[in-house]
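Taking it in order: structure first as structure tokens, then the write-up.
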Amino acid sequence: MPKILRVYTGDDGESHIEDVDLPLQPFVDTEGAHGEGTPLQKTNGITFRVASPGYLLEWHCAPRRQYTITLSGEAEIEVGDGTVKRVTPGDVLLAEDLTGQGHITRVVGNRERFYAVVPLGD
């Protein structure tokens with residue numbers, strides 16, 4: 001089953017990261033596309049970003065609930081409990097650590113990271 005990474009603030013005020021199964025269910029769309037998919041989620045748009053090799057964003061909270069989808073390059077996400085996870089092309093991360101210590105994001109390797117950010121609606 002496909003998974004996404006979820007970064008969230010725990011009751012201890014620290015950020016944590018976990019693998020979350022996507023809630024897939026059968027679907028058939030109006031044009032005939034079919035298979036398994038997740039329920040539709042409200043979003044507030046999409047933006048594409050590029051971060052250079054060596055990019056480092058020290059401890060920060062997510063500015064809003066959002067997905068980040070790595071399209072090329074690699075990054076590491078470090079959370080308050082000390083866990084470090086690498087995100088590679090195709091990985092989806094749900095950032096929900098809106099309070100507390102937050103997390104660190106760093107681009108690793110010698111390639112820039114190209115990624116999409118999809119802010120979630122209410």
At a threshold of 8 angstrom on Cα-Cα distance, excluding pairs fewer than six apart, so keeping six or more, what relative contact order does the chain reach in percent?
35 percent
On the protein heavy atoms, probe 1.4 angstrom, tell me the percent of accessible surface of the chain carried by carbon and sulfur.
51 percent
Send over a whole-number figure in Å² for the accessible area per residue of the chain, probe 1.4 Å.
59 Å²
Which shape class, rounded, prolate or oblate, goes with the range 43-100 when its Cα gyration tensor gives a ≥ b ≥ c as root eigenvalues, a/c under 1.5 marks rounded, and past that a/b bigger than b/c marks prolate?
oblate
With a/c under 1.5 counting as rounded, go ahead and sort the range 1-44 into rounded, prolate or oblate using the C-alpha gyration tensor (a ≥ b ≥ c being the square roots of the eigenvalues; past the cut-off, prolate if a/b is larger than b/c, else oblate).
prolate
In whole angstrom, and with the biggest value first, how far do the Cα coordinates of the chain range along each principal axis?
45, 36, 27
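Kindly rank 97-110, 14-27 from highest to lowest mean number of other beta carbons found within 10 Å of each residue.
Order by mean packing, descending: 97-110, 14-27.
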Mind giving me the nanometre distance, one decimal, between the label points for VAL50 and ALA116, set 7 Å out from Cα along Cα→Cβ?
1.8 nm
For the peptides 71-77, 116-122, what is the packing order when you average, over each peptide's residues, the other Cβ atoms within 10 Å and list the highest mean first?
71-77, 116-122
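The values are calculated or read from the model by the stated rules, or taken from the named source; none is laboratory data. Small disclaimer: the values here were computed from a predicted structure and weren't measured. No Cβ is skipped: glycine too gets one built from the backbone with ideal geometry, and neighbour counts run over all protein chains shown. The accessibility values were calculated without ligands, DNA or RNA, using every heavy atom of the protein model including side chains. Shrake-Rupley method; radii C 1.70, N 1.55, O 1.52, S 1.80 Å.
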